[in-house]
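Attaching a single structure in C-alpha cells format; questions to follow.
The values are calculated or read from the model by the stated rules, or taken from the named source; none is laboratory data. What you are looking at is a predicted structure, and each value in this text was computed from that prediction instead of being measured. Don't worry about glycine lacking a Cβ; one is built from the backbone with ideal geometry, like all the others, and counts go over all protein chains shown. SASA here: full protein model, heavy atoms, side chains in, ligands and nucleic acids out. Shrake-Rupley method; radii C 1.70, N 1.55, O 1.52, S 1.80 Å.
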Amino acid sequence: MAIFLVKRFFVLVITLLVSSLVIFLILEILPGDPASIILGIGAQDDTLAALRKEMGLDLSAPERYYRWIKGVLIGDFGKSYTYNIPVSSLISERLSLSIPLALLAIFLSTLLAIPFGVIAASNHKGITDTSIMSFSQLGVAVPNFWFAILLILFFSVKLGWFSAGGFSSWEMGVGVALKSLTLPAISLALPQAAILARVTRS
C-alpha cells in the first residue's frame, strides 16, 4: 500500500510539473507583452523597462521558470498583477469555499448512493433494482450544470427556499453558509452518487 501511494504521489508531482511547463511555454509563445498590456500603448520606454524588471520579464525564460518553481517549493506562488495581492492569498480564499463544498458533495453522494446501491442489490433484477439503475444511468448521463439549472429553477425561482446565486460569508454563521452551498453540493453530488450506487450494487 505504501509503495502504491508513493508511486501515485510521484505521478502527481510529474503531472503537475509537466502541466506547469506546458502552460509556461504556451504563455511564452503567445504574442504580447504583459507590461505593455498593464501600462497601455502610450507608456514610456523607461516605465515599461522598470515594470518589466519588477515583474522579472527582463530575465530569460528558463531562469523565470526556475525561480517560479523554486518559489512554489517554499510556498511562494508569486504576485497577482490583476488583483495586486499574493497568489497564495487568492488560493487560500478560494479553498475556504471549495473544500467545504467538496466535502459536502462527497457526504451527500455517499448518503444517497450506498443505501440505494444496497437496496438495488437486495432486489437483484427486480423492479426496484431496475428503477434505481435506470435513474443512476440518468444521473451519469446528465451533466452537473444541467442539474444545477433545474435545482435553481425549482428550489430558488419557484419555491424561493434558496438563493439563486452567490455565497453567504462564513461570518454570517455556519448554517447560513451551508445553506448557500446546498444546491451547488447537490448538483455535484448527484452524478457521483449515481456512479457510486452502481458500484455499491455491483
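Given VAL157, VAL199, VAL142, which one is over 27 Å from LEU95 (Cβ atoms), in contact with a Pro (Cβ under 8 Å, 6 or more places away or on another chain) and either at pLDDT below 80 or open to solvent by 80 Å² or more (accessible area, probe 1.4 Å) (or both)?
VAL142
Of the residues that sit in segment 49-74 and are in a helix (DSSP H, G or I) and charged (D, E, K, R), which one is nearest to LYS179 (Cα to Cα)?
In this case the residue turns out to be LYS70.
Is there a residue being outside any helix (DSSP H, G or I), among the hydroxyl-bearing types (Ser, Thr, Tyr) and under 15 Å from LEU101 (Cβ atoms) anywhere in segment 167-175?
yes
A further question on this structure: For the condition surrounded by fewer than 11 Cβ atoms within 10 Å (Cβ to Cβ) and in contact with a helix residue (DSSP H, G or I) (Cβ under 7 Å, 6 or more places away or on another chain), what is the one hit in GLY40, GLY32, GLY75?
Only one candidate qualifies: GLY75.
Among the residues of segment 75-95, write down those that are assigned to a loop (DSSP other than H, G, I, E, B) and within 16 Å of ARG64 (Cβ to Cβ).
ASP76, PHE77, GLY78, TYR81
Give the residues of segment 26-66 that are among the aliphatic types (A, V, I, L, M) and in contact (Cβ under 8 Å) with a residue 12 or more places away in the chain, sorted by residue number.
Scanning segment 26-66 gives ALA35, ILE38, LEU39, LEU48, LEU51, MET55, LEU57, ALA61.
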